[in-house]
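Written out below as structure tokens is the structure these notes cover.
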Amino acid sequence: MSNTGIWQQYEWSGPPFLGAFTSRTRLEECRQENGSDTGVRFCEFHKSNWPFAFRPASSHMVWDEMFVNLVSTDWGARQGLDQNRGFAGIGYRWTPQILTEVGYLNQFINTANTDRMNHIRVAVTDAIAGDVVAR
């Protein structure tokens, strides 16, 4: 089954009194081949990191991302909370363009029958080339 979609987003980054903070607000529109409705989902992401005083390239990191379906669809999306992802861990910036994050990701998925809670160990490296992030 394939799906197609477009999205619009606003992202803001700035320094709080310690470390760095990023906020992203996104609105996604999606269609799937097994239905005729267009799903609309609101996503909100917040990320903070605080460098270790003894090693500024390393930092504590926390982030949370919430997904809310704004409409129900004939292909299965239900209006309301879809899922929430929360992460806590450490990060290491190898270069200004390369960041590795290692930690714990908790993922809650709201389903029609039984809600699911996933506990995930995460190790991911982001490589930034200009305005594009490859993960």
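Read-outs throughout are calculated quantities, based only on the coordinates presented, and are distinct from any laboratory measurement. Just so you know, these numbers come straight off a predicted model, no measurement behind them. Heads up, the Cβs are rebuilt from the backbone with ideal geometry, glycines too, and the neighbour counts pull from every protein chain shown.
If eta is 1.567 mPa s and T is 4 °C, what Stokes-Einstein diffusion coefficient results for the chain, Kirkwood Rh from Cα pairs, in µm²/s?
Once the numbers are plugged in, D ends up at 77 µm²/s.
I need the calculated FRET efficiency for the pair ARG93 and THR25, taking r as the beta carbon distance and R₀ as 25 Å, to the nearest 0.05.
0.50
Can you sort LEU99, LEU70 by how many other beta carbons sit within 10 Å, fewest first?
Lowest count first: LEU70, LEU99.
Using a Gaussian network model of the chain whose springs link C-alpha atoms within less than 10 Å, name the residue from SER36, SER59, SER48 with the highest mean-square fluctuation.
In the Gaussian network model the winner is SER36.
For the range 41-111, how big is Rg over Rh, using alpha carbon atoms and the Kirkwood form of Rh?
1.16
Ranking MET66, MET117, MET61 by Cβ neighbours within 10 Å, fewest first, what do you get?
Taking fewest neighbouring Cβ atoms as first place, the list is MET117, MET66, MET61.
Tally Lys and Arg at +1 and Asp and Glu at -1 over the other residues with C-beta under 12 Å from the C-beta of ARG26: what net charge comes out?
-3
To the nearest 0.05, how large is the calculated FRET efficiency for ILE128 and HIS60 if R₀ is 22 Å and r is the Cβ-Cβ distance?
According to the calculation, E is roughly 0.60.
Can you give the net charge of the other residues whose Cβ lies under 13 Å from the Cβ of ALA77, counting K and R as +1 and D and E as -1?
Computed value for this residue: -2.
Which ordering of ARG26, ARG121 is given by a fewest-first count of other beta-carbon atoms within 10 Å?
ARG121, ARG26
How big is the dipole moment of the chain about its Cα centre under a simple scheme where the beta carbon of each Lys and Arg is +1, that of each Asp and Glu is -1, and everything else is neutral? Debye, nearest 20, please.
480 debye
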